[in-house]
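Participant: Quick one: this structure, given as structure tokens, is what I'll be asking you about.
Derivation of every value follows stated rules applied to the coordinates shown; laboratory data play no part. A quick note: this is a predicted structure, and the numbers were derived from the prediction, not measured. Don't worry about glycine lacking a Cβ; one is built from the backbone with ideal geometry, like all the others, and counts go over all protein chains shown.
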């Protein structure tokens with residue numbers, strides 16, 4: 001058995017991670033000769049891509065824009081699968097303050113996660129719609145994420161950048177008046193929500209491991225999508241502060257973004273324009289050919 005460390009994207013397991021846990025529960029990693037140890041993001045150890053580059057883990061669940069930045073800084077990393085076909089970033093609001101376009105945000109207080117990129121996307125959307133982004137007040141949250149249920153208390157009027165696939169769904173379950181627009185719905189530039197990265201040294205030294213890991217992972221996502229209630233039972237064991245029903249509904253709602261018929265394939269028609277936008281906004285240098293940082297070659301013929 002190959003002891004393998006997968007480090008996740010967030011402080012705790014959530015619905016978009018269900019495929020890994022279901023695959024482990026079903027024994028698919030074990031059948032592939034992989035003894036999988038899954039850990040959540042630990043801010044004292046930096047994010048999963050830092051840990052991957054440092055040799056502390058074997059597979060990183062992270063974001064494509066962060067991978068581009070790491071590669072520009074010299075880390076020899078590569079994405080071997082795209083987990084989602086789209087982004088989960090969204091504008092979450094209360095129906096009492098109807099928001100149909102970025103123009104409607106003028107004069108409002110908008111909570112965001114700690115991300116200059118997220119705020120810059122919203123500024124550009126407002127400018128494009130003819131609104132003045134100086135007329136909104138950003139309320140930045142760190143390390144905690146903004147809770148959309150606080151809209152009811154008046155702490156802020158809307159949340160931008162948090163995930164409809166988790167914060168949005170959980171908030172709507174608690175208060176059906178909470179709803180959202182996805183970032184693509186509003187015309188925002190977007191990309192795959194998450195990717196799986198390994199080191200370039202690993203893909204050259206052990207391509208069979210990469211292929212086996214992705215095959216088992218795909219099987220887990222397929223089964224989670226087919227049976228969200230089962231996935232909820234699995235997930236509540238590793239994140240018991242949430243309920244089976246929260247996980248069930250979130251998995252059911254998230255699973256269409258997994259693109260299961262072509263699971264893992266990178267869409268360069270999304271990645272390259274987004275890389276160009278990131279460069280224009282000075283979030284990356286933009287001199288690299290970012291297409292070389294994403295490969296589908298380990299996805300051919302995998303099970304699932």
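Participant: Give region 135-158 a look and list any residue that's surrounded by 15 or more Cβ atoms within 10 Å (Cβ to Cβ) and in a helix (DSSP H, G or I), or say none.
Facilitator: Selection gives 148, 149, 150, 151.
Participant: When you go through 171, 162 one by one, which is the residue that is buried (at least 19 other Cβ atoms within 10 Å of the Cβ), part of a strand (DSSP E or B) and touching a residue at least 40 places away in the same chain (Cβ under 8 Å)?
Facilitator: 162
Participant: I've got another one for you. In region 24-47, which residues are in contact (Cβ under 8 Å) with a residue 60 or more places away in the chain, crowded, with 16+ Cβ neighbours inside 10 Å and under 19 Å from the mean Cα position of the chain (by Cα)?
Facilitator: Of everything in region 24-47, just one residue is in contact (Cβ under 8 Å) with a residue 60 or more places away in the chain, crowded, with 16+ Cβ neighbours inside 10 Å and under 19 Å from the mean Cα position of the chain (by Cα), namely 38.
Participant: Could I ask something else about it? Which of the residues that make up region 173-208 are closer than 30 Å to residue 54 by Cβ and under 21 Å from the mean Cα position of the chain (by Cα)?
Facilitator: Selection gives 190, 191, 192, 193, 194, 195, 196, 197, 198, 199.
Participant: Still on this structure: Test residue 128 against the criterion of being surrounded by fewer than 23 Cβ atoms within 10 Å (Cβ to Cβ), closer than 14 Å to residue 105 by Cβ and either within 21 Å of the chain's Cα centre (by Cα) or without any contact (Cβ under 8 Å) to a residue 40 or more places away in the chain (or both), and give yes or no.
Facilitator: For residue 128, the condition - surrounded by fewer than 23 Cβ atoms within 10 Å (Cβ to Cβ), closer than 14 Å to residue 105 by Cβ and either within 21 Å of the chain's Cα centre (by Cα) or without any contact (Cβ under 8 Å) to a residue 40 or more places away in the chain (or both) - is not met.
Participant: A further question follows. Residue 301 fails exactly one of the following numbered conditions: (1) part of a helix (DSSP H, G or I); (2) within 21 Å of residue 203 (Cα to Cα). What is the number of that condition?
Facilitator: (1) is the only condition that residue 301 fails.
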